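Remarks on the structure that follows.
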Amino acid sequence: MDISNLGIVETNFLYAGTGVLTAILAMLIGYFIFELIAPFNTRKELENQNIAVGIVIGSIFIGLGIAVGLVIGMGLN
């Protein structure tokens, strides 16, 4: 598929879709890295409704989402 033949709107949708997939992949990798370095079992702690672990995991997702979103946004300009 030749990107130069697409219109501006279609190209931006293609970039946005790629960005969403990249963000989800980055969040999954970040979660698994945190799970490896944490001195406890994060899945077990989340099952036990440990709020502190939930906040940390949520913060990882928010931080990675912001970082990847900024990179993608800068790439569109």
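Where a number appears in this text, it was derived from the coordinates with a stated rule and is not lab data. The shown structure was predicted, so the numbers you read here are calculated from the model rather than taken from an experiment. Positions of Cβ are backbone-derived with ideal geometry, glycine not excepted, and every protein chain shown enters the neighbour counts.
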Go through (1) part of a helix (DSSP H, G or I); (2) farther than 30 Å from Gly73 by Cα and name the single condition Pro39 misses. (1)
Could you grab me the full set of residues in region 47-77 that are of a type in the set (S, T, N, Q) and either in contact (Cβ under 8 Å) with a residue 60 or more places away in the chain or part of a helix (DSSP H, G or I) (or both)? Ser59
